[in-house]
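Written below as structure tokens is the structure these notes are about.
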Amino acid sequence: MTARDSNPSGEDLAYLSAIARSGEDAPLLGGRFLVWWAGLTSLAILTHWAILMGYGPFGAGAVWIGYILVGSAGQAVLVWSIRNKPGQGAAANRTEAAVWMSAGLGIGAIFLGVVAGVQGGLLEPVFFSVILPVALSAYGVAWMTVAQVSRRVAFYAPALIAFAGAAAGMALAAGAWVYPVAAAALLASSVAPGVMMLRSEPRSLG
């Protein structure tokens with residue numbers, strides 16, 4: 001080890017400090033995913049609500065099957081669309097990707113469990129409505145994590161909106177009004193901030 005190694009210069013310290021701040025300063029790349037999934041999910045929720053109210057020529061099951069197929073196709077396109085975006089390796093972007101993937105997997109696991117329980121006669125159909133506040137809680141946790149890691153105070157607002165929607169949705173879970181309330185909370189907590197993130201994205205490389 002040299003004296004320079006044991007006694008870093010001011011330039012070295014500035015470089016290390018810049019590396020440490022890279023996770024905070026890098027533009028976040030999840031905006032398009034938030035707009036896509038929150039918008040599509042809200043549309044599916046409102047369509048489900050319309051069916052419950054007696055409108056629509058098909059059943060709710062068809063809505064959610066179509067949601068999964070369309071959503072998955074859109075996800076693949078969006079992943080391809082950011083392939084040349086700089087900053088994907090930054091700590092904030094890696095954390096953002098991991099926490100939103102975890103939230104999605106958690107919501108999906110709850111959904112599959114409720115489907116199995118209802119089909120097997122172990123759960124009442126009302127548990128489908130409970131998925132909505134659970135999903136909003138997962139969104140709130142994801143937003144809190146992103147806000148903390150990126151140190152962007154503005155992202156605490158959508159977290160609080162999602163938590164408020166989860167509380168309201170749970171209180172209304174026994175009735176049909178949980179659907180429009182959940183859709184409104186989802187749109188407010190994710191589409192607007194997702195658009196803000198999209199506008200701050202860096203240009204693609206190449």
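Coordinate-derived values only; no laboratory data. Small disclaimer: the values here were computed from a predicted structure and weren't measured. A quick note on method: Cβ atoms are made from the backbone with ideal geometry, for glycine too, and the neighbour counts reach across all protein chains shown.
A few comments on the model shown:
- When Val126, Val99, Val70 are checked against the criterion of being β-branched (Val, Ile, Thr), under 23 Å from Ala184 (Cα atoms) and over 18 Å from the mean Cα position of the chain (by Cα), Val126 stands alone in meeting it.
- Only residues that are loosely packed, with under 14 Cβ neighbours inside 10 Å and among the aromatic types (Phe, Trp, Tyr) were counted in segment 21-34, giving 0.
- When segment 135-144 is limited to residues that are buried (at least 20 other Cβ atoms within 10 Å of the Cβ) and not hydroxyl-bearing (Ser, Thr, Tyr), the one that is farthest from Gly113 (Cα to Cα) turns out to be Trp143.
- Exactly one residue out of Trp37, Trp49 is surrounded by 11 or more Cβ atoms within 10 Å (Cβ to Cβ), among the aromatic types (Phe, Trp, Tyr) and under 17 Å from the mean Cα position of the chain (by Cα): that is Trp37.
- Contacts under 8 angstrom Cβ, first residue in segment 124-146 being over 16 Å from Gly175 (Cα atoms), partner outside any helix (DSSP H, G or I), 6 or more apart: Val146/Leu28; Val146/Gly30; Val146/Arg152
- Restricting segment 65-93 to residues that are touching a residue at least 40 places away in the same chain (Cβ under 8 Å) and assigned to a helix (DSSP H, G or I) leaves a set whose member that is surrounded by the most Cβ atoms within 10 Å (Cβ to Cβ) is Asn93.
- Filtered residues of segment 153-169 (kept if surrounded by 18 or more Cβ atoms within 10 Å (Cβ to Cβ) and out of contact with any Phe, Trp or Tyr (no Cβ under 6 Å at 6 or more places or on another chain)): Ile161, Phe163, Gly165, Ala166, Ala168, Gly169
- Taken over segment 101-114, the criterion of being surrounded by 15 or more Cβ atoms within 10 Å (Cβ to Cβ) and either of a type in the set (Gly, Ala, Ser) or in a loop (DSSP other than H, G, I, E, B) (or both) is satisfied by Ala103, Gly104, Gly106.
- The test for being in a helix (DSSP H, G or I), touching a Gly at 6+ places or on another chain (Cβ under 7 Å) and surrounded by 15 or more Cβ atoms within 10 Å (Cβ to Cβ) does not hold for Ala147.
- Checking each residue in segment 115-132 for being surrounded by 11 or more Cβ atoms within 10 Å (Cβ to Cβ) and either at positive phi or in a helix (DSSP H, G or I) (or both) picks out Val115, Ala116, Gly117, Val118, Phe127, Phe128, Ser129, Val130, Ile131, Leu132.
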